[in-house]
1. Calculate what fraction, in whole %, of the accessible area of the chain sits on carbon and sulfur atoms when a 1.4 Å probe is rolled over the protein chains.
2. State, as an integer percentage, the relative contact order of the chain based on alpha-carbon contacts under 8 Å between residues 6 or more apart.
3. Tell me the Kirkwood hydrodynamic radius of the stretch 72-125 in angstroms, computed as one over the mean inverse distance between distinct C-alpha pairs.
4. Tell me, what is the per residue accessible area of the chain in Å², probe radius 1.4 Å?
5. Which three semi-axes in whole Å describe the equivalent ellipsoid of the stretch 72-168, each the square root of 5 times a Cα gyration tensor eigenvalue, listed largest first?
6. Taking a 29 Å limit on the Cα-Cα distance, which of the listed pairs 66/200; 45/108; 147/203; 147/221; 24/203 fall beyond it?
7. In the P(r) worked out for the chain, what percent of Cα pairs fall beyond 23 Å?
8. Could you sort 144-153, 185-194 so that the peptide with the highest average Cβ count within 10 Å comes first and the rest follow in order?
Amino acid sequence: RQASKALGRLMTNSPEGSYVGGNKTVKDLLDRWIEHLEARGRTPKTIDGYRSIARARLEPALGTIKLRQLTAFQLDDLYLSLLDSGLSPVYVRHCHAALSTALRQAVKWDWVDRSPADRATPPGAAPPEIGPPDAEDISRLITSVEKVDPDMASMLFVAATTGCRRGELCGLRWSDFDVDNSTVTVRRSISDTSRGVEVKDPKTHRSRRISLDPATVSVLKSHRTRIQQRAKD
């Protein structure tokens, strides 16, 4: 009987603060978790994304709740309200992923004994079907843009023929362009973050060489001639 009473006291007292983060709130966790990611060198773009989700979606709904009182039902209720507000299932899954990662870190820090996100049910999100424009539409777009902004038209042309991401296109340098072999090497990506412009590795963290068709080589040569003339003027 004494042992049962002692066990009862332990089970009663445990939720009241035996963990290091006994009175920590969801906002406390999100703030500390983002600081932790920054200290570990996560990219500013990633940090901005997590901070945006935390400030705009997670903290208004859950910020004042103590971690030891947070339940899977509250998370599911949040996901449902986000969907009802018109947000896409993909975005809601991003919210779940951020919160789930933060809560896993809270477990490692002994702020909670387990994560309610493991028992929550985020919405399913099938990848959206991609409907790229056809060649005629792209040609008309480039022709129209060329009349007002030849530089942008050149970038659109290279984007269409190489498949480079926007940040990769912005990160290209003339030293990456091999005229003799008709290739361009993607070595870096440009990202616009809250801290300013960031130069980073491509998304795959590996450079890649792309073969260029004669039309793309011609466009790049014309673009280089144009900007060289602009620099002289």
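The values are calculated or read from the model by the stated rules, or taken from the named source; none is laboratory data. No experiment lies behind these values; they were computed from the predicted model shown. Because the Cβ atoms are built from the backbone with ideal geometry, glycine has one as well, and the counts that use them run over all protein chains shown. Heads up: the accessible areas ignore ligands, DNA and RNA and are worked out on the full protein's heavy atoms, side chains in. Shrake-Rupley method; radii C 1.70, N 1.55, O 1.52, S 1.80 Å.
1. Of the solvent-accessible surface of the chain, carbon and sulfur hold 51 percent.
2. 16 percent.
3. 11.4
4. Value returned for the chain: 64 Å² of accessible area per residue.
5. Value: 44, 17, 11 Å, ordered largest first.
6. Checking Cα-Cα distances, 66/200; 147/203; 24/203 exceed 29 Å.
7. 65
8. Put in order of decreasing packing, that is 185-194, 144-153.
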